[in-house]
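Trainee: Starting off with a structure, shown below.
The values are calculated or read from the model by the stated rules, or taken from the named source; none is laboratory data. None of the values given here were measured: they were computed from a predicted structure. Cβ coordinates were reconstructed from backbone atoms using ideal geometry, including for glycine residues, and neighbour counts include every protein chain displayed.
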Amino acid sequence: MPSAALACLVSLALLVATAATAEAQIGPAAPLGFAPEVGSDVPAPGGVRLPTLRQTLTNNLRATAFEQQEFLRRVEVSVDHGQLDRRLVLALMRYSQRRNPGYPFPYFERALRFEAAKRGVHLPSVAVIASTALPAPLPR
């Protein structure tokens, strides 16, 4: 019986050792134990680069389509120009993750467009962005 317990402890130790090096993000990993406001210009200790607001939104909302990423770029521009509050955008990101952890982007888009309209900021829908996007060049 002691050898089974030892084998269990060894496998647990290996699991913990390998989990610390794993990354499952599109962008760079944030350092553990340091949590300034996401996407802010606060320097991280040790020279580690923090993800930008757009990277954070892309990763957490699982925005993979070009139109979705273009929508997030417009959101980032609105935040940079002071039209939208960064805290509002991050709060709506967390709200949409609670609504549908598997695919939160549609909830984020709808909630953010509603809140932006209340503040007088126009954000086009992803469908409008998709319909006005430049077509891909034809292969030769």
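Trainee: I need the full set of residues from the stretch 91-120 which are basic (Lys, Arg) and not in a helix (DSSP H, G or I), in order please.
Mentor: Arg119 - this is the single residue of the stretch 91-120 that is basic (Lys, Arg) and not in a helix (DSSP H, G or I).
Trainee: Could I ask something else about it? When the residues of the stretch 98-109 are filtered to those that are buried (at least 18 other Cβ atoms within 10 Å of the Cβ) and not acidic (Asp, Glu), which remaining residue is farthest from the chain's Cα centre (by Cα)?
Mentor: Applying the filter and picking the extreme gives Tyr107.
Trainee: Related question: If a residue must be out of contact with any Phe, Trp or Tyr (no Cβ under 7 Å at 6 or more places or on another chain) and either without any contact (Cβ under 8 Å) to a residue 12 or more places away in the chain or among the aliphatic types (A, V, I, L, M) (or both), how many such residues does the stretch 103-119 contain?
Mentor: 7
Trainee: Report every pair of residues separated by at least 6 positions or lying on different chains whose Cβ atoms are under 6 Å apart, first residue within the stretch 84-99 and at pLDDT 95 or above, second surrounded by 14 or more Cβ atoms within 10 Å (Cβ to Cβ) and not hydrophobic (A, V, I, L, M, F, W, C).
Mentor: Every condition considered, the pairs that remain are Leu84/Ser78; Met93/Asn60; Ser96/Pro104; Ser96/Tyr107; Gln97/Pro104; Arg99/Tyr107.
Trainee: Can you tell me how many residues within the stretch 58-69 are in a helix (DSSP H, G or I), of a type in the set (A, V, I, L, M) and at pLDDT below 95?
Mentor: 0
Trainee: Between Leu50, Leu84, Leu72, Leu88, which is in a helix (DSSP H, G or I) and surrounded by 20 or more Cβ atoms within 10 Å (Cβ to Cβ)?
Mentor: So the residue among Leu50, Leu84, Leu72, Leu88 that is in a helix (DSSP H, G or I) and surrounded by 20 or more Cβ atoms within 10 Å (Cβ to Cβ) is Leu72.
Trainee: Name the single residue that is nearest to the chain's Cα centre (by Cα) among those in the stretch 110-126 being closer than 19 Å to Phe66 by Cα and buried (at least 16 other Cβ atoms within 10 Å of the Cβ).
Mentor: Leu112
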